[in-house]
Amino acid sequence: MEPSYYLVLSAMLFTIGAVGFMVRRNAIVAFMCVELMLNACNLALVTFSHAWGLLDGQVASFFVMVVAAAEVVVGLAIIVSIYRTRRSASVDDANLLKF
Amino acid sequence: MEITPPSLEYARLMPLIVVFAGACLGVLVEAVTPRSARWPVQVGLTFLTLLVAGALTVSGWSAGDVGISALGSVAVDLPTYFVWTALLVLGALSLLLFTERRLNGGVSAFAPQAAAVPGSVDEELAIRARTEHSEVYPLALFSLFGMMLFAAAGDLLVMFVALEILSLPLYLVCALARRRRLLSQEAGLKYFLLGALASAFFLYGVAMLYGYAGSFDLAALDAAISAGQQSTWLLLVGMAGVSIGLLFKVAAVPFHSWTPDVYTGAPTAVTAFMASCTKIAAVAALLRVFYVGLGGLRWDWQPLMALLAVLTMAVGALLAITQTDVKRMLAYSSITHAGFMLTAVTGASLSSGARDLSSVGATLFYLVAYGAASVGAFAVVTLIRDRNGEASSLDDWAGLGRRHPWLAGAFSVFMLSFAGIPLTSGFIAKVSVFESAWSGGYAWLVVVGVVLSLLAAYFYLRVIVTLFFAEPRPRAAAVTADAGTAGPDVGPSSGAEPAGGATAEAAEPGTGALSLATRRDDAAASAEETSVTSTASRPELGAGEVGVGRAGVATYAAVAVAVALTVVFGLVPGPLLELALQASVFLR
């Protein structure tokens, strides 16, 4: 197995996530992009774990999954409450606080 | 096959365990206690937890029980004990602000029902039923647990998990303000989205550093850097990712843009908690990662850190000068102070003599001085009110010092400490961070820092001048009158109210964006007052009048303790400096 292929894929996924976060306006889509970035990290962790022949990278990816799940709970709670208030989940509409 | 069970140093980790157990018990209390008893039970449980954890920390510290614990994932050393004690004390001070109910007419400053849409019938019913979210206490304890773990993590994976444990409850409590709920929800959304992005960068950095070192352990990372057998790219990308995550939490400049919005929108008690405790935990973790894990790369990151320190100090100070809102100004001041702390981090100097603070010691002292003053300053912000809640516009504060000399005096002490005027703890703190940057060979950075601290002193002193010497200006009464009439028909679509918005903006030029929200909030507050004022002990303030709200004993106690800490550490810094001096080296 050549780890660099997986690392390149992980970097691409991470970049897609980061770019998506910056260009998309819907809070849910932006948040999904963050999840994509976390999963790109998971891929990198598992790849390195395999390359080193150690297990802790794979265990780490479980930790990351649990953390991501907890983050979804909190994030969706906030996004839904904003949506119910404003009837919009666009991050451009949340613009009362500035400068 | 033989499996050896891991051995945990339970006694040494007890402060962490106690805070976590207290938070879990708090969740249980929510489930089993009747609604009327929840608030006092939660308050009692929270402060009992903090007391026990504090006692355990101090006893462990005085017994010198240090060591790398929990299989290398938690490093309990002297800096950790220093940070834990600071977190528990300042956390308790900010939680005192959480308990304040008298200011709001007998209810807490948190939303009666977070799930209800602001201005809706549901919310009105919740207000009438006087429901409260006592969940804020377990949330704050979970966050405090995350901070304690974050500052002590000896392992990058534990650090990532701790980062999330400290952040997730904060995202929620930020969105829970009783008044100005739109602003509060917006603060929660911004903090959440940007925080999640920053932690994704942190995690990518962790993955790259794991690829470089083959271990999450900071000491193993250091050893791998010394051996230098892997690709430098992995190391550099990893360092960049991890620094982005940490500098976001510290609020250093390219990653600071969340700070003013979140600090302004969050309930002020929560802002006090974030400004003091999150800053302490984040800077302590930054120090640990850069000194223990990436110490071998010092020559690579020092110039970059120096640049960030200059940018952070300059941007924070320059933007703070332009602010007209006290809470927002304090947020920019928090950015500036992050810059001053980064000067010490850049220096990376070791203690060279018996009376010489290392970078770690100087930064820790700075964190305590800054944290105490900022809890106190935000406590004062909660006290200065008009009939609709907090009045944090600087114009509203004009001449307040003549009517309320004690409170204005306390606020001036905090401002003087922020500005670094002698006889306050801020002065000693600034001198020690500059000294450690100087002995680390960054004399030019010290010169820049001194110039920028003069610039920063300008806006702190301006607040004092406004408090004591400015004439109180009559507020634009049109806004309040307008809000009164617009009360009933304020719907969820506050963004599109052209006519009303135009009047408000005409009345208050310069606060255009905020006035819409304030107006909405005025409307909500006036609706609330009809149901609450009958039993409230609120002082009778006129329509445009600003005064000091009648608060419970807890808020005054927090202000008094913060003043005491600021002045005592300024006049007699010896004991704290001694502790910081001892806590100058991380255990590897």
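For the stretch B:119-150, a residue qualifies if it is in a loop (DSSP other than H, G, I, E, B) and open to solvent by less than 10 Å² (accessible area, probe 1.4 Å), and exactly one does: B:Ser134.
Looking at B:Leu182, B:Leu221, just one residue is at the interface with chain A (Cβ under 10 Å from one of its Cβ atoms), in a helix (DSSP H, G or I) and either open to solvent by less than 20 Å² (accessible area, probe 1.4 Å) or modelled with pLDDT of 95 or more (or both), and that residue is B:Leu182.
Find the residue count for the stretch B:224-264, including only residues that are of a type in the set (Gly, Ala, Ser), part of a helix (DSSP H, G or I) and either over 19 Å from the mean Cα position of the chain (by Cα) or modelled with pLDDT under 95 (or both). Adding up the residues that qualify gives 7.
Among the listed residues B:Gly105, B:Gly72, B:Gly91, which satisfies the condition of being over 20 Å from B:Tyr10 (Cα atoms), among the small types (Gly, Ala, Ser) and surrounded by fewer than 24 Cβ atoms within 10 Å (Cβ to Cβ)?
B:Gly105
I'd like to check which helices (runs of 4 or more DSSP H) are fully inside chain A and have at least 3 residues that are of a type in the set (D, E, K, R). Give the steps one after another, and end with the answer.
Working: elements: A:3-23, A:27-52, A:56-86.
Hits in chain A: A:56-86.
Elements of the type helices (runs of 4 or more DSSP H) sitting completely within the stretch B:309-414 and holding at least 3 residues that are buried (at least 23 other Cβ atoms within 10 Å of the Cβ): these cover B:326-347, B:359-383. In the stretch B:1-57, of all residues being in contact with an Asp or Glu (Cβ under 8 Å, 6 or more places away or on another chain) and over 23 Å from B:Glu132 (Cα atoms), the one that is surrounded by the fewest Cβ atoms within 10 Å (Cβ to Cβ) corresponds to B:Ala11.
Of the residues making up the stretch A:43-78, those that are farther than 30 Å from B:Gln229 by Cβ and either at the interface with chain B (Cβ under 7 Å from one of its Cβ atoms) or not β-branched (Val, Ile, Thr) (or both) are A:Met65, A:Val67, A:Ala68, A:Ala69, A:Ala70, A:Glu71, A:Val74, A:Gly75, A:Leu76, A:Ala77, A:Ile78. Please name all residue pairs, on different chains or six or more residues apart, with Cβ atoms under 9 Å, provided the first residue is in the stretch B:157-171 and is facing chain A (nearest Cβ under 7 Å) and within 17 Å of B:Gly293 (Cα to Cα) and the second residue is in a helix (DSSP H, G or I) and hydrophobic (A, V, I, L, M, F, W, C). Close Cβ pairs satisfying both conditions: B:Leu157/A:Val59; B:Leu157/A:Ala60; B:Leu157/A:Phe63; B:Leu157/A:Val64; B:Leu157/B:Val206. If you go through the stretch B:185-197 and pick out every residue that is open to solvent by 10 Å² or more (accessible area, probe 1.4 Å) and closer than 30 Å to B:Ser69 by Cα, you end up with 0.
Here B:Tyr210 clears all of (1) at the interface with chain A (Cβ under 8 Å from one of its Cβ atoms); (2) under 20 Å from the mean Cα position of the chain (by Cα) except the condition numbered (2).
For the stretch A:80-99, enumerate the residues that are within 7 Å of chain B (Cβ to nearest Cβ) and at pLDDT 85 or above. Within the stretch A:80-99, A:Ser81, A:Ile82, A:Arg84, A:Thr85, A:Arg86, A:Arg87 qualify.
Does A:Phe62 meet the test of being modelled with pLDDT of 95 or more, of a type in the set (Phe, Trp, Tyr) and over 17 Å from A:Ser90 (Cα atoms)? It is true that A:Phe62 is modelled with pLDDT of 95 or more, of a type in the set (Phe, Trp, Tyr) and over 17 Å from A:Ser90 (Cα atoms).
Of everything listed in (1) more than 30 Å from A:Ala51 (Cβ to Cβ); (2) within 11 Å of chain A (Cβ to nearest Cβ); (3) at pLDDT 95 or above; (4) open to solvent by less than 10 Å² (accessible area, probe 1.4 Å), the single unmet condition for B:Ala200 is (1). Among residues of the stretch B:58-69 being open to solvent by 20 Å² or more (accessible area, probe 1.4 Å) and touching a residue at least 12 places away in the same chain (Cβ under 8 Å), the one that is nearest to B:Ala153 (Cα to Cα) is B:Ile68.
The values are calculated or read from the model by the stated rules, or taken from the named source; none is laboratory data. Every value quoted in this text rests on a predicted model; they were computed, and no experiment measured them. Cβ: placed from backbone, ideal geometry, glycine included. Neighbour counts: every protein chain shown. Heads up: the accessible areas ignore ligands, DNA and RNA and are worked out on the full protein's heavy atoms, side chains in. Shrake-Rupley method; radii C 1.70, N 1.55, O 1.52, S 1.80 Å.
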